[in-house]
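Written out below as structure tokens is the structure these notes cover.
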Amino acid sequence: MKKLNPQQEAAALHVKGPVLVVAGAGSGKTSVLTKRIVQLIEQGHAFPGEILALTFTNKAAREMRERVRRELNDVAPEVADQVFLSTFHSAGVKWLRKYAYAFGLNPYFTIFDDNDQTTIVKDILREMGLSDEELSPKYILENLDRLKNDGINPSEHTFLEIRYPAHRDKLKAIAKLYEKKKMDAQGFDFGDLLLKTYELLEKFPEIRSALQNEYSFILVDEYQDTNAVQYKILKLLSEKHQNLFVVGDEDQSIYKWRGADIRNIREFERDFPNASIYKLEENYRSTQNILDVANAVIANNSQRREKQLFTQSGEGELVQVHTFGTDFEEARWVSKNIAKLIREGVNPKDIAILYRSHSVSRLFEDSLRLERTPYVIYGGFKFYERAEIKDALSYMRLLVNSKDDVAFSRIVNTPPRGIGPTSVEKIKDLARSENVSAFEAMSLSVSSQAVGPGPQKKFQSFLKLYEDLQKELQDARLSDFYAFLLDKSGYREHLSAQNTIEAASKLENLEELRNVLVDFETQKPEATLAEFLQDSSLSTDFDKVNPESSVQLMTLHSAKGLEFPYVFVIALEEGIFPSKMSLGFMGDGEEVDEERRLFYVGITRAEKLLQITNSKVRRIYGRLQVERPSRFIGELPKLKIHLNDHSEDSSSTGFRAWNRYDSSDERSYFSDSKASDSQSWGDCFEEAYDDGYKVGSKVEHPEFGTGVIRSRSGSGEATKVQVDFRGYGTRKFLTKFAKLKVLET
């Protein structure tokens, strides 16, 4: 193991009592965890089997185990395998199998996957005389899982968050039946692996005591990502010995949407009053300029421990910030500069394009293909390989070619319309016997009344849908027809009803496909649907690529834990990053703080060069929209970045659209001459959108009288100000709705 710095060494050598290691990005937290495990064994503080180390991924657990093996190799190579290095869920499985009798189960219980869970819920709905359309199985299961992540047993809880108020009592019954059916079938679902582990510890004192005695030292990686039930498990496990050693960084807490509770790390000292706190601030990944940018951005978050990342690796290049007239120009510039880096000898795998949502990646994929640059989508599919895109294209393929049996099979029951596998097989059997296509066989079965009344009605409905789509296709523009298809088929409504982050992402991708169609018909006004399908199919032929020699495209969430010498963080615009969902009514608070933490994660992935881009015009839902730069750009430290405005020379249609909405102040917001040496870049950012609501300005309110603006954030319709009124204190306003009059000073 490489020599630890003084802060790392002090944390790793701490023996007794609760410890929180605040580990900044790239500060060597895994080295600290490994060193602690090794020294506990070598110094005789614990037998290997008394050490429990928990993390969130099998990959992280394997990496830590290998490091411990290497360090202990000269002493006793077999002892590393005696340390219990595991994910939370794997640890839960081990303990639940050992103590399965406590729940009346045998040790060989089944672990139900998502499909199994859905089958159980659908069976319950059928027994209760309900349909999937009345109550969404997916929505029910997500709410049950949320309760379990909070450490709540759904069968014992009287409340289930629902969007079906008329079915509240039925949903309670469904929750109880679901839990009973699982137990009757001798099985647990994924959420149970944590909830039932907590119940083992909480409800069975003798089991709690046994596990507390077994593990006298507990280590936890990525503590900021723990949820409520994981916190409760750790609290009970460490209750006796109090040797809980957790490593994490609240500035990298980005998983609230899947249950992570940032309060676990923020309130560690309250939960463990005698805790020791260590900070790891020396970074071994990035240059100082990149770290200074990261420090400045995250400093805008409230309720965080102050820390300043630093490095011995030198200043490095300034962070580059680029503004473009259109998203098309942004994508072309990024792809051309990546191609240039590769020509200069950079390995493609050392380059990453990071974004808030997969929905913005399509233009960049297209541009990389034009440059013949190999790329891979990390943690996701390439645009045309995504299930929802394939579904939409399959509808179009069947309209162009009714003999396309692959397309027919894909969409005949997508979204679900009651045409199940049995009916589809009968259609295919008829198609084979009559030597016709599956679509023709369906039509034949209806005209000959070869099926019963139920299937007959469903087949007729599908055939009518096909006919309506064909009629619409004759006269409508491709992009308008596509919107009609999503509505008429029920696909958009099906995804919207799920009300999940995954479904929302799919809807964004489907809207991006409309942008593809708009671009296509702009370039080829007379082109047909068949020509578009040919064009899109050729797009998917490129890419039998090797991930080890490909540019990496990924969401910022997927980038957590990774690092790259060259990083492009793209589409930094209000409503995109930070996301529209995080802005809400006031556009502040914990949601935006988490978005800022996500930006911080993106910044700290870069080792040598960080480039940040935004566009003044972006095509959203098939229409050009004028975009405001992200508030995060306004938080970048002026002296650590270089501003590049590529939009002034733009001659594109999109940029002309921007010009129609532009103002002289907005057009010059990237001008270096705009800021004096005493101004921060954030000050310039606010001046760029000067609407009179400046910090320090006097305003008048009809109820509160005269006041002074103490702070402002956001821009345009999302502008917010805080105003001090004598006798009334500080009041917050969204300027769009506030009755504030700016007074001349």
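The values are calculated or read from the model by the stated rules, or taken from the named source; none is laboratory data. Being a predicted model, the structure only gives us computed values, none of them experimental. A quick note on method: Cβ atoms are made from the backbone with ideal geometry, for glycine too, and the neighbour counts reach across all protein chains shown. Heads up: the accessible areas ignore ligands, DNA and RNA and are worked out on the full protein's heavy atoms, side chains in. Shrake-Rupley method; radii C 1.70, N 1.55, O 1.52, S 1.80 Å.
Any chance you could count how many residues in region 99-112 are surrounded by fewer than 14 Cβ atoms within 10 Å (Cβ to Cβ) and not small (Gly, Ala, Ser)?
To start, the set of residues in region 99-112 that are surrounded by fewer than 14 Cβ atoms within 10 Å (Cβ to Cβ) comprises 101, 104, 106-108, 110.
Next, only the ones that are not small (Gly, Ala, Ser) stay: 101, 106-108, 110.
Result for region 99-112: 5.
crowded, with 18+ Cβ neighbours inside 10 Å, in contact with a helix residue (DSSP H, G or I) (Cβ under 7 Å, 6 or more places away or on another chain) and either at positive phi or assigned to a helix (DSSP H, G or I) (or both): is that true of Leu135 in this structure? Talk me through it step by step, then tell me what you get.
On the way: crowded, with 18+ Cβ neighbours inside 10 Å: yes; in contact with a helix residue (DSSP H, G or I) (Cβ under 7 Å, 6 or more places away or on another chain): yes; either at positive phi or assigned to a helix (DSSP H, G or I) (or both): no.
No, not satisfied.
Consider region 99-132. How many of its residues are more than 18 Å from Asp145 (Cβ to Cβ) and either assigned to a helix (DSSP H, G or I) or touching a Cys at 6+ places or on another chain (Cβ under 8 Å) (or both)?
7
For residues that are modelled with pLDDT of 95 or more and in a helix (DSSP H, G or I), tally how many sit in region 557-571.
The total comes to 0.
Report whether or not Ile277 is buried (at least 18 other Cβ atoms within 10 Å of the Cβ) and among the β-branched types (Val, Ile, Thr).
In short, no.
Residues that are under 30 Å from Asn283 (Cα atoms) and either modelled with pLDDT of 90 or more or out of contact with any helix residue (DSSP H, G or I) (no Cβ under 6 Å at 6 or more places or on another chain) (or both): does region 91-100 have at least one?
Just the residues of region 91-100 that are under 30 Å from Asn283 (Cα atoms), to begin with: none.
No, because not a single residue in region 91-100 is under 30 Å from Asn283 (Cα atoms) and either modelled with pLDDT of 90 or more or out of contact with any helix residue (DSSP H, G or I) (no Cβ under 6 Å at 6 or more places or on another chain) (or both).
Among (1) on the phi > 0 side of the Ramachandran plot; (2) within 45 Å of the chain's Cα centre (by Cα), which single condition is Asn435 missing?
Every listed condition holds for Asn435 apart from (2).
Working carefully through the options Leu219, Leu236, find the one that is farther than 30 Å from Pro137 by Cα and buried (at least 18 other Cβ atoms within 10 Å of the Cβ). Write out each step before concluding.
Numbers: Leu236 fails: buried (at least 18 other Cβ atoms within 10 Å of the Cβ).
That would be Leu219, the only listed residue that is farther than 30 Å from Pro137 by Cα and buried (at least 18 other Cβ atoms within 10 Å of the Cβ).
Asp192 - would you say it is at pLDDT below 90 and farther than 30 Å from Lys16 by Cβ? Give the steps one after another, and end with the answer.
Numbers: at pLDDT below 90: no; farther than 30 Å from Lys16 by Cβ: yes.
Taking the combined requirement at face value, the residue does not satisfy it.
Give the residues of region 557-581 that are open to solvent by less than 10 Å² (accessible area, probe 1.4 Å) and small (Gly, Ala, Ser), sorted by residue number.
In the first step, residues of region 557-581 are kept if they are open to solvent by less than 10 Å² (accessible area, probe 1.4 Å); the result is 559, 567-573, 577-578.
Ala559, Ala571, listed by residue number.
Looking only at residues that are among the small types (Gly, Ala, Ser) and open to solvent by 40 Å² or more (accessible area, probe 1.4 Å) in region 423-453, which one is modelled with the highest pLDDT? Give the derivation first.
If we filter region 423-453 for residues that are among the small types (Gly, Ala, Ser), which is where we start, we get 423, 431, 433, 437-438, 441, 443, 445, 447-448, 450, 452.
Add one more test, that the residue is open to solvent by 40 Å² or more (accessible area, probe 1.4 Å), and what stays is 433, 443, 447-448, 450.
Working: Ser433: 89, Ser443: 92, Ser447: 87, Ser448: 84, Ala450: 74.
Going through the qualifying residues, I end up with Ser443.
Looking only at region 406-422, how many residues end up being at pLDDT below 90 and buried (at least 19 other Cβ atoms within 10 Å of the Cβ)?
Number satisfying all stated conditions: 1.
Looking at Ile290, Ile338, Ile351, can you tell me which residue is within 30 Å of Arg263 (Cβ to Cβ) and surrounded by 18 or more Cβ atoms within 10 Å (Cβ to Cβ)?
Numbers: Ile338 fails: within 30 Å of Arg263 (Cβ to Cβ); Ile351 fails: within 30 Å of Arg263 (Cβ to Cβ).
One residue alone meets the criteria, Ile290.
From the list Glu42, Glu9, Glu63, which one is acidic (Asp, Glu) and farther than 23 Å from Arg285 by Cβ? Break it down into steps so the answer makes sense when it comes.
On the way: Glu9 fails: farther than 23 Å from Arg285 by Cβ; Glu63 fails: farther than 23 Å from Arg285 by Cβ.
Sole residue among the options that is acidic (Asp, Glu) and farther than 23 Å from Arg285 by Cβ: Glu42.
Restricting attention to region 621-642, report how many residues are hydrophobic (A, V, I, L, M, F, W, C) and surrounded by 21 or more Cβ atoms within 10 Å (Cβ to Cβ). Full working, then the answer.
Here is the first cut: in region 621-642, the residues hydrophobic (A, V, I, L, M, F, W, C) are 624, 626, 632-633, 636, 639, 641.
Still in the list and also surrounded by 21 or more Cβ atoms within 10 Å (Cβ to Cβ): 632-633, 636.
Of the residues in that region, 3 qualify.
Name the strands (runs of 3 or more DSSP E) wholly within region 243-361 that hold at least 2 residues that are touching a residue at least 60 places away in the same chain (Cβ under 8 Å) and over 30 Å from Tyr375 (Cβ atoms)? Reasoning before the result, please.
Working: elements: 244-248, 276-280, 319-326, 351-355.
In region 243-361, 244-248, 276-280 are the strands (runs of 3 or more DSSP E) which contain 2 or more residues that are touching a residue at least 60 places away in the same chain (Cβ under 8 Å) and over 30 Å from Tyr375 (Cβ atoms).
So which residues in region 543-556 are over 22 Å from the mean Cα position of the chain (by Cα) and either buried (at least 16 other Cβ atoms within 10 Å of the Cβ) or modelled with pLDDT under 50 (or both), if there are any at all? Talk me through it step by step, then tell me what you get.
Let us first name the residues in region 543-556 that are over 22 Å from the mean Cα position of the chain (by Cα), namely 543-546, 548-550.
Of everything in region 543-556, those that are over 22 Å from the mean Cα position of the chain (by Cα) and either buried (at least 16 other Cβ atoms within 10 Å of the Cβ) or modelled with pLDDT under 50 (or both) turn out to be Asp543, Lys544, Val545, Ser550.
Confirm whether Gly44 is touching a residue at least 24 places away in the same chain (Cβ under 8 Å) and at positive phi. Talk me through it step by step, then tell me what you get.
Values: touching a residue at least 24 places away in the same chain (Cβ under 8 Å): no; at positive phi: yes.
It is false that Gly44 is touching a residue at least 24 places away in the same chain (Cβ under 8 Å) and at positive phi.
Looking at (1) over 25 Å from the mean Cα position of the chain (by Cα); (2) over 18 Å from Leu244 (Cβ atoms); (3) of a type in the set (S, T, N, Q), which one does Gln39 not meet, given that it meets all the others?
The failed condition is (2).
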